[in-house]
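Read-outs throughout are calculated quantities, based only on the coordinates presented, and are distinct from any laboratory measurement. Please read all numbers here as calculations on a predicted model, not as lab measurements. Positions of Cβ are backbone-derived with ideal geometry, glycine not excepted, and every protein chain shown enters the neighbour counts.
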Amino acid sequence: MSDTSNSDPFQPPVDPPEIRLLEHADFVGVTISEIMYGFTIILFFRCMRGLLWPRKHSGFPRNPSMALYTFVLFSLGTVFVAMNARNSELAYIDYRGFPGGPLAFTFSRYSTAIVVIPNAAFILANWLADGFLLFRCKVIWGDKYWVLILPVLMFLGSIAMGILTIFQSSRPNASLWSAVTVDFALPYFSLSASLNILFLPLLMSFRLHLHHRMTRKKGLGSAIPYASVGILVESSALYAVSSLLFIATYGANNGASALFLPILSQTQIIAPLLIISRVANQRAYGSSQFHGGAVVSSSQPRTLVDTIPDTLEGNANREKVQASHV
């Protein structure tokens, strides 16, 4: 009796279920990352406009250094998406008859530029994203450097493990999912995910405290839903959740990790760009520090926070800044 599961002459030979799952996850993940890249483009131009061409009478000077950071981060995301798309084109179209299927073709070329370059772009973007969140912690917590000791150590550890991950995955007959690479990649992604989880309370607690002071002083009850969105954006919650989804599936050797990896490649860029966009358009705490200390004077509707406390306990004696309802 013939096997009806492969009776369709147009279907490829039956592959092991785990291989088929990886192929589906990889294809869907690449597609979703390309959709998210469209949002990245919009954010990029919004950030550049706010950084290089600030609104008239805003009181903010141009910020070419942060514009350069934004450009580099966006370029790394572009490299990853473009070369990933090209590799998918080769695997699923030009060499679709490769023995073992599209993933076997990709793994056979893992040490070539078409795979090494986007992987390196991913890790570089990851370092830049984590470094930016460290910068935000410094802006928010001021001279309380003890708060940054653990995040800085974890950040340096992720850089070291990231270098080893790129080296191991680029060796002949290796890949991101080969055993020798996982020994380095798992600690790298774990450090990065843990760092993002650590950033959540560091960034969110101060923002919650600030919002509480604003609502208590000005009675902004109607602004609470919008403030909640702002808190999630400025704490980079999107980045933290994406990191957790990937590391959980990657650590469990689950094929869904191939789905979340390309998605993470964009969320780790979108999250900093969302913060930069808010700050560049004077809609987030730290706008004055971000733009070099200028005090805002704008006709846009914002809530005036007379003083920002140096600590969460409320020692107030810092510069005047403007913050939005969000």
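The fewest-to-most ranking of Asp143, Asp26, Asp183 by surrounding Cβ atoms within 10 Å reads Asp143, Asp183, Asp26. Tell me the label-point distance for the pair Val72, Leu244, using the 7 Å Cα-to-Cβ offset, in nm and rounded to one decimal. Distance between the two pseudo-spin positions: 3.0 nm. Rounded, prolate or oblate: which fits region 37-134 when a ≥ b ≥ c are the square roots of the eigenvalues of the alpha-carbon gyration tensor, with rounded for a/c under 1.5 and prolate only if a/b beats b/c? It comes out prolate by the Cα gyration axes.
Label separation (Ser178 vs Arg20): 2.8 nm, computed from points 7 Å beyond Cα along the C-beta direction.
By the beta-carbon count within 10 Å of each Cβ, the least crowded to most crowded order of Ile93, Ile275, Ile114, Ile166, fewest first, is Ile93, Ile114, Ile166, Ile275.
If I take every Cα pair under 8 Å that is 6 or more residues apart in region 15-115, average their sequence separation and divide by the length, what percent do I get for the relative contact order?
Computed value for region 15-115: 27 percent relative contact order.
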